[in-house]
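Notes to accompany the following structure.
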Amino acid sequence: MNSLSKTNELVKIICQISKKEGLKTGFTIGNTSKKNNNSLYFTPVRNTGVMVFAGVIVYSEKQAIDIAKAIDGKVDYILVDAEKKIPAKLSILGDSANIERAVREAIRKSTLWVYKGNDIAVDAVDALLTQLLKKSIRGLGGAKVAILGAGNLGTKLALKLVERGANVTITRQDEYKLNSIVEALNFIKPVNTLSSVYGEINNKVASKNADIIIGTTHGKEVITRDIVKCLADGAVIVDVGKGTLYPDAISEADKNNIDIYRLDVTAAFIGTIHRLLETEKMVENKLGRRELYNEKLVSGGLLGCLNEVVVDNIWNPTQIFGIADGEGDFIRELSKEDIKRLNILKNKFENS
């Protein structure tokens, strides 16, 4: 079955589920630099409770364009990965490969949403570790974490985990870039964060006595048997890059009862979809300003002008949050006249 036939089959399936359960439909178009014989990789059909969606991982702008045109108007939302992972030499639109732009120019009917795959992976790792450590008194605080591969994903993950109190060692072969990344992360972390990020070019040295080791190299084996042998008792291994462990490392982990987790981003992606849907509802149905009952109302999300009344929904207001001070905050000390205004408005809302 060719890629467009598979795409149409998946669209048919999600539309059938959508019709039966009254859900929105979506189709994700991700991108990667890791080739798989130039064939597309399709992701499973998933049901979030508000949207049913399927997806594909592409290796070129042309593939993204072909898929986008095939699904345009057949699904409610097309979700495209904004990260630039495809080599520039494969671009057909400009100096760098950009599937977001390619899809934007290709579709006419479906609504386009944008997400960032690596950010979703970072959230997924954070949520996974939260669950694995939920019975620990310290959680991530003071834990030693080794992240093998300080690329975009590994760097973002290092910042996330050091902010949660872990001491993180990241690795990269280019020592100059490694030191620059370490310096930057320690500079931008919160000032009262006592834990730090460290750099190391040797993966085994970085992993010695680590409580958590995370492989973020994309499909490249970096976690060896010797690395597994030098981990702390009860250590956790997370294969984020999918294929970061040598076979003998897997055997060694099994022998020592060390669990290996292969990252699943399903929950994090579902969270992204819910966030996008709720933001869309807020912007289209709640956010704005209008005059009602001789008062100027503004909904949360817009900076209120001085003396505008901030409410939950300008079209169907039920809650009053306060009176705007015109500088992004509320007037903290209300006058008797202000209190009277709000009480009159509250009564009108309740009786309307």
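The values are calculated or read from the model by the stated rules, or taken from the named source; none is laboratory data. Please read these numbers as outputs of a predicted model, since none were measured by experiment. Neighbour counts are summed over all protein chains in view; Cβ atoms, including those assigned to glycine, are modelled from backbone coordinates with ideal geometry.
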*With Phe321, Phe269 as the choices, which residue is in contact with a helix residue (DSSP H, G or I) (Cβ under 9 Å, 6 or more places away or on another chain) and not in a loop (DSSP other than H, G, I, E, B)?*
Phe269
*Report, by residue number, each residue of the range 282-300 that is surrounded by 12 or more Cβ atoms within 10 Å (Cβ to Cβ) and within 30 Å of Gly26 (Cβ to Cβ).*
Met282, Val283, Asn285, Lys286, Leu287, Gly288, Ser299, Gly300
*When you scan the range 1-76 for strands (runs of 3 or more DSSP E) that lie fully inside it, which ones turn up with 3 or more residues that are in contact (Cβ under 8 Å) with a residue 60 or more places away in the chain and in the same structural domain as Arg108 (by TED's automatic domain parsing)?*
24-31
*Yes or no: Arg104 outside the structural domain of Gly243 (by TED's automatic domain parsing), in a helix (DSSP H, G or I), under 30 Å from Phe27 (Cβ atoms) and of a type outside the set (Ser, Thr, Tyr)?*
yes
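For Ile270, state whether it is more than 15 Å from Thr171 (Cβ to Cβ) and of a type outside the set (Phe, Trp, Tyr). If you could, list the steps in order and put the result at the bottom.
Working: more than 15 Å from Thr171 (Cβ to Cβ): yes; of a type outside the set (Phe, Trp, Tyr): yes.
So Ile270 passes the test.
Any residue in the range 125-145 that is surrounded by 13 or more Cβ atoms within 10 Å (Cβ to Cβ) and assigned to a strand (DSSP E or B)? Working first, answer last.
Going residue by residue through the range 125-145, those that are surrounded by 13 or more Cβ atoms within 10 Å (Cβ to Cβ) are 125-129, 132-133, 139-141, 143-145.
Retained after the next criterion (residues that are assigned to a strand (DSSP E or B)): 144-145.
Yes, that holds for at least one residue.
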*asked:* Given the criterion within 18 Å of the chain's Cα centre (by Cα) and in the same structural domain as Ala146 (by TED's automatic domain parsing), identify the matching residue among Val238, Val228, Val222.
replied: Val238
*asked:* Checking the structure you have, find out if any residue of the range 263-272 is acidic (Asp, Glu) and closer than 30 Å to Leu129 by Cα.
replied: yes
_Can you tell me which condition Thr272 does not meet? The list is (1) of a type in the set (Ser, Thr, Tyr); (2) farther than 30 Å from Val45 by Cβ; (3) crowded, with 16+ Cβ neighbours inside 10 Å, and all the others hold._
(2)
